[in-house]
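Quick note: the coordinates plus some simple rules give every number you see, no bench work behind them. What you see is a predicted model, and the numbers here were worked out from it, not measured in a lab. Here Cβ is always computed from backbone atoms with ideal geometry, including for glycine, and neighbour counts include all displayed protein chains.
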Amino acid sequence: MGVLEDADVGTEDHAASRFGMLEVEQAPESPGIYAWYVTFQASAQDWETKPVDGQDASIEGFLGLLREYASYYEPLPITLHGSAPYGGRWDGALELDHGVNRRETTSVPEGTDRERERRERDREALDNTISSQTGRRLLAQFLGRATPVFSSPLYIGVAENLNERLQQHRSNYNRAMDWLRGNPNDADRLKRDAKNFGQRAAARGIAMENLEAWVIDLKSLESDISVRSLRESAQSAEWLLHRLFAPILGRQ
């Protein structure tokens, strides 16, 4: 992937740069703010038609890619507690249904008639799209180009040394992946208890090659201002961006 200067991101001085997780040692050793994104990856092997017993086997396989990508953005379940009469208690967890999975039953989703009709139309449009090779190819291309222009960041951070901080994220990720290889049944626990971005990304099964960081090198914007002042300004920006975009793998 390499380091890319993006003329359409940020200001005219091209201050935003992109680094794949495998290349973070190339990041500048200066203060800055950064955001991690996950890219959608698909190739011709994923969208080309595969006839099997009179059916196109690529449909289910491509839907699996969409499910996996959607799962990266799923919030953790919300646990609810409440009091019931005679000392009883209500307990349960709410999990997000993002609508990508195929419905297992023919039951109609809850909501008004108009809402149900809209959900049915959206789902039918997705089914129609992934039912053809051309539709799958176009959808893969759209999603592949959506990062970061249309996609929400997974994580937003600030650092006095971007190079050191991004490499720390990669080290945390590698250690978490090594631990998961020896403890494959504990991914849900790690997802719940993870202490840093690397652990959270590993727990969700995001491949390293799909992770990329976009950084703004503050020294390239204001070379005459002290590192402390730059760090303080970046921290203010980080605080605001967290509240605007609520990155799913950030501190909450």
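Some points to look at:
- Computed FRET value (nearest 0.05) for Asp53 with Asp186, which takes r as the C-beta separation and R₀ as 41 Å: 0.60
- Rel. contact order, % - alpha carbon contacts under 8 angstrom, at least six apart, the chain: 36 percent
- Region 44-144: equivalent-ellipsoid semi-axes (sqrt of 5 x gyration tensor eigenvalues, Cα, Å): 36, 16, 13
- Put in line by how crowded their Cβ is, counting other Cβ atoms within 10 Å and starting with the fewest, Arg137, Arg181, Arg18 read Arg181, Arg137, Arg18.
- Spacing of the two label points (7 Å from each Cα toward its C-beta) at Asn161 and Arg114, in nm: 5.7 nm
- GluC sites (Glu not before Pro), loop per DSSP, at most 14 other Cβ atoms within 10 Å - longest free stretch of the chain: 111-221
- Of Asp193, Asp178, Asp97, the residue with the greatest mean-square motion in the GNM of the chain, using alpha carbon springs below 10 Å, is Asp97.
- Sequentially through region 234-241, phi angles give Karplus couplings (6.51, -1.76, 1.60; θ = phi - 60°) of 5, 5, 5, 5, 4, 4, 5, 5 Hz, Gly and Pro residues having no value and appearing as x.
- Highest mobility in the GNM of the chain, judged by mean-square fluctuation with C-alpha springs under 10 Å and restricted to Ile225, Ile216, Ile78, is found for Ile78.
- A simple count of charges around Glu74, restricted to other residues whose Cβ falls under 13 Å of its Cβ and scoring Lys, Arg +1 and Asp, Glu -1, yields +1.
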